[in-house]
Amino acid sequence: MRKTLLGVMALIVALALPAAASANTQKIDAKISPSKLMKKKFKPTSVNVITTAGPDPGRVGPNAVDGAYRAKVWFDKDIKFFTKGVPQCKAAQVDGVQDPKIIKSQCGKSQVGSGKGLVALGGYVDPVTGAPPPANVLTADIYALNSVPKGGKPVILLHSVVPGVSATTLIGTLKKQGGKYKTLLDVAIEPLPGGTAILRFQAKIKKKYKYKGKKRSYVSAKCSHKKFFFKGTFFFEKFVDPTQKSQASATKVQRCKGKK
């Protein structure tokens with residue numbers, strides 16, 4: 001199954017790498033809403049992530065933006081995901097599907113979020129402006145769908161549709177972590193046809209539902225230490241030579257207010 005256009009929840013800021021393996025520049029805006037929470041008790045929230053990518057300074061023309069083949073995103077220990085009781089969507093149910101009505105009929109009850117993405121055909125960047133020409137940029141609609149656990153770990157499908165062009169599905173696995181981070185979202189990304197590169201990804205994850213008679217939230221949070229810590233690592237490879245790999249990592253902090 002071909003996977004998607006998404007870079008999924010990068011949390012990367014610009015980072016210089018060795019000249020032999022230059023990578024994309026990455027920026028992030030991650031936000032938990034609301035940010036006024038309890039200090040000890042988890043409350044329903046949403047998490048919204050926006051990532052933008054571009055070439056290293058001086059890199060222009062076709063394949064100026066490298067492609068990501070894997071993404072790892074860590075979430076603060078005060079943020080948790082609860083997936084029990086949410087209907088599950090199998091990847092085969094939406095694989096290749098572009099029609100929103102069919103996606104809704106197949107997996108509407110499994111949807112936990114949505115967003116938008118931008119991709120540059122061929123990773124192209126204009127040599128004069130340093131930006132992709134408008135004709136080379138396509139918009140993707142993103143559907144976040146709760147899926148069947150793998151190895152006992154929750155799975156999120158990130159189904160991406162470029163209307164009239166393509167539909168691809170990315171599989172992200174939620175893994176428990178220790179220390180300052182509670183959850184890792186681990187995503188493998190297959191190269192897109194023609195060296196197409198991700199420029200912008202935005203997804204807001206939010207779902208409230210009932211499970212065993214109790215109100216639950218797919219994402220919930222508390223504020224025990226006045227901040228939410230995020231960490232992300234993206235792994236890149238050059239379209240012209242996939243053996244040339246690189247990676248970039250960074251952190252993001254959001255302030256929060258906790259009350260007793």
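The values are calculated or read from the model by the stated rules, or taken from the named source; none is laboratory data. All values derive from a computational prediction rather than experimental measurement. Cβ sites come from the backbone with ideal geometry, for glycine too, and all protein chains shown count toward neighbours. These accessible areas exclude ligands, DNA and RNA; they are computed on the full protein's heavy atoms, side chains included. Shrake-Rupley method; radii C 1.70, N 1.55, O 1.52, S 1.80 Å.
Within segment 93-117, the set of residues being of a type in the set (Gly, Ala, Ser) and surrounded by fewer than 19 Cβ atoms within 10 Å (Cβ to Cβ) comprises Gly96, Ser105, Gly108, Ser114. All of Ala120, Ala135, Ala68, Ala131 fail the test of being of a type outside the set (Phe, Trp, Tyr), over 20 Å from the mean Cα position of the chain (by Cα), open to solvent by less than 50 Å² (accessible area, probe 1.4 Å) and at pLDDT below 90, apart from Ala131. Of the residues that sit in segment 140-164 and are without any contact (Cβ under 8 Å) to a residue 40 or more places away in the chain and either in a strand (DSSP E or B) or closer than 25 Å to Asp99 by Cβ (or both), which one is most open to solvent (accessible area, probe 1.4 Å)? Among them, the one singled out is Lys150. Take Ala197 and tell me if it is buried (at least 22 other Cβ atoms within 10 Å of the Cβ) and at pLDDT below 85. Considered against the rule, which asks whether it is buried (at least 22 other Cβ atoms within 10 Å of the Cβ) and at pLDDT below 85, Ala197 comes out as yes.
Conditions (1) modelled with pLDDT of 95 or more; (2) on the phi > 0 side of the Ramachandran plot; (3) among the aliphatic types (A, V, I, L, M), marked per residue:
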| position | (1), (2), (3) |
| --- | --- |
| Ile28 | no, no, yes |
| Pro34 | yes, no, no |
| Lys39 | yes, no, no |
| Ile79 | yes, no, yes |
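The requirement of being buried (at least 17 other Cβ atoms within 10 Å of the Cβ) and either within 24 Å of Thr83 (Cα to Cα) or small (Gly, Ala, Ser) (or both) is not satisfied by Ala188.
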